[in-house]
1. Kindly check whether there is at least one residue in region 254-266 that is within 21 Å of the chain's Cα centre (by Cα) and either within 14 Å of the ligand (Cβ to nearest atom) or in a loop (DSSP other than H, G, I, E, B) (or both).
2. For the subset of region 378-398 comprising residues that are within 11 Å of the ligand (Cβ to nearest atom) and touching a Lys or Arg at 6+ places or on another chain (Cβ under 9 Å), which member is nearest to residue 287 (Cα to Cα)?
3. Residues to consider are 516, 491; find the one that is surrounded by fewer than 16 Cβ atoms within 10 Å (Cβ to Cβ), at pLDDT 95 or above and within 30 Å of residue 382 (Cα to Cα).
4. Checking residue 81 against (1) more than 20 Å from the chain's Cα centre (by Cα); (2) within 20 Å of residue 214 (Cα to Cα), which single condition isn't satisfied?
5. Can you confirm whether residue 283 is within 12 Å of the ligand (Cβ to nearest atom) and touching a residue at least 12 places away in the same chain (Cβ under 8 Å)?
6. Where in region 431-512 are there strands (runs of 3 or more DSSP E), lying wholly inside it, with at least 1 residues that are in contact with a Leu (Cβ under 6 Å, 6 or more places away or on another chain) and under 24 Å from residue 246 (Cα atoms)?
7. Cβ-Cβ below 6 Å, separation at least six or inter-chain, first residue in region 373-402 and closer than 19 Å to residue 276 by Cα and among the hydroxyl-bearing types (Ser, Thr, Tyr), second open to solvent by less than 10 Å² (accessible area, probe 1.4 Å) and away from the ligand (no atom under 14 Å from the Cβ): which pairs?
8. Just to be sure before I move on: is residue 414 among the polar types (S, T, N, Q), crowded, with 23+ Cβ neighbours inside 10 Å and not assigned by TED's automatic domain parsing to the domain that holds residue 247 in the structure I sent?
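The values are calculated or read from the model by the stated rules, or taken from the named source; none is laboratory data. No experiment lies behind these values; they were computed from the predicted model shown. Quick reminder, even Gly has a Cβ in these numbers, built from the backbone with ideal geometry, and neighbours come from all protein chains shown. The area values use the complete protein model at the heavy-atom level, side chains included, leaving out ligands, DNA and RNA. Shrake-Rupley method; radii C 1.70, N 1.55, O 1.52, S 1.80 Å.
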Amino acid sequence: MAHKDDNSEQIRSSDYLTRRGFLASSGGLASLGLTALSHPGTPVRAKTPEAGVAGPPFNSIRDWVAALDAHGLLLRIPEVDQDAYHATGFFYEMIDRFTWWGAPALLFDRVKIGGKWVEGPLLANLQGHMSTDAIIWGLEVTGDYKVDFRRARNYMREVYKDNNHRWPTIPPSVIDSRASACKQVVLRGSDIDLRRFPFVQTNPGDGGRYVNSGSVVTQDAAGRINLGTYRCQIKGPRKIALNPETTQTGYRMITEARDRGAKSYPVAVVVGQDPLVFMISSTKLSGFPRPGAQTLDELSLAGGLRGEPLEVVKCETNDMLVPAHAEMIIEGEVLFDEPLEPEGPFGEMYGYLGPRDPEKFWMHVTAVTHREKPWITNMFTGMERGMVAAPFYTLIEHELKVRFPYLVEYYQPTDTMGITYLAIKKTKAGQGLEIGKAVARTDPMAKITVVLDDDVDLLNQQDILRAIVARWQPHPATHILEDGRGIIIDPSQRAPRKTSKIAIDATRQFPEEGGPAVFAANSRDLFNELQPEAIGEAEELYGELLSKWVES
Ligand SMILES: Cc1cc2nc3c(=O)[nH]c(=O)nc-3n(C[C@H](O)[C@H](O)[C@H](O)COP(=O)(O)O)c2cc1C
């Protein structure tokens, strides 16, 4: 298969800063020597990328970045001083202007770390913009990220349904090392020093520099390979601490090997994965690891979603298979006779410092293979959404719909982790709390579950809050779960992974639920019903006035 991953030069030769009309408009940014968009908004070009730019399936991160650029979603910055945390400062400024959902991907050509300029590129926010959900499947991109995201969700619902509510799978194809981009350079032993690559410390409060967006590859006794995105702290030139939570598949595979009496356990970390591999590794799209449940092989799942096999290659120092066109593979082993190592703290998804764990598995690095000039990624955790979300939402939505057919939409926004929204078409009294309680009980991320009528836009927090204040009565439309399962990074919990929970039924209450005999009409709905032409007419009459006001 021909590889379309030769876009690096194309990226290098483009003059992004002038071509996209980026202007240094903020004193703060300009003083960092950085350049920013001059106005807020969503800089997505509503057009199909020009010929020559790879479309899906994306074989490499380079193809993906080229596609983002073709959609006007890449901002290139020549250099950044991360000793002064300018990349992180820039990220905060960027999301303040454009929001998590509307901010572009970033490419820093070189990064100052530990007083030295380290050649990159360092990439970030590669799946943060919501339109990336459409781009990854080659769907039309409109320039309105909500429209694009909804289109992607509908597309995924169709794909899943057409496949009898399973994900398609195609087994990976093993290729030769010589054809594998990730083997262009092979380092072993004392030639390896992970600190020479632009892996950064993201926050001044973090425990150190991290490989924080790699896929940790593990394999169980039956030969099943798992990919999990777990943060990995660089502890030395050939040493990284691994942070799979105790509930994760990677953790289970490592501990099973230890409990079988193994002395060591092979692990690999894939850096600079293609976008689908990253998404699969970052979610439980292959299925929830419940007792008795069958989960899909993740390399085959990647093939199924690509529509063609994922090309993989054998590691140098163990038998595991890894994506052949990744930027870098860090190979190593967990040595069970060695004492565990502290890991963290680390600025986490909640926007608070995740705890330091005194005892984590760590990996002794045995080989690093990489492309020439590898592209390194960093996740600005707690400042970006992380990965395309439509596939995973589709899976959860379907699982819930089987039990609660009145569910219309499921949404768990990553910018406000801990809250889950469910839109339902309520047909019977009690359904709001019925589904709300079920989600609160089973999902550790659902500390707050809000059930809404299906006329509420789940992508619009103001719409949601207006529905809550107008339709919800705390008593009796609330259920409190005193002792639920939470996640370690929630800073409010009283004991690790223990949390109380709340389910809020913010649907219009029926009279038999204690609601009014007739629920008051929503003013805007009533307006549209009684004066259906008025908004359009006003737009025609005064739209220009509004545009002029924005421009002035
Ligand atoms: C950037 C990023 C970093 C993550 N870091 C961790 C981590 O350090 N530990 C963890 O247990 N899960 C982490 N996650 C969540 C897991 O990747 C996710 O739960 C995934 O499904 C785990 O894979 P598994 O189900 O194969 O174990 C992270 C996710 C992302 C996107």
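1. The initial filter retains those residues of region 254-266 that are within 21 Å of the chain's Cα centre (by Cα), namely none.
Checking region 254-266: not a single residue is within 21 Å of the chain's Cα centre (by Cα) and either within 14 Å of the ligand (Cβ to nearest atom) or in a loop (DSSP other than H, G, I, E, B) (or both).
2. Only one residue fits best here, namely 392.
3. Working: 516 fails: within 30 Å of residue 382 (Cα to Cα).
Every option except 491 fails the conditions.
4. The one condition residue 81 does not meet is (2).
5. yes
6. Numbers: elements: 448-453, 478-485, 498-505.
Where strands (runs of 3 or more DSSP E) fall fully within region 431-512 and carry at least 1 residues being in contact with a Leu (Cβ under 6 Å, 6 or more places away or on another chain) and under 24 Å from residue 246 (Cα atoms), they are 498-505.
7. Going by the 6 Å Cβ cut-off, the qualifying pairs are 393/410; 394/156.
8. Details: among the polar types (S, T, N, Q): yes; crowded, with 23+ Cβ neighbours inside 10 Å: no; not assigned by TED's automatic domain parsing to the domain that holds residue 247: yes.
So residue 414 fails the test.
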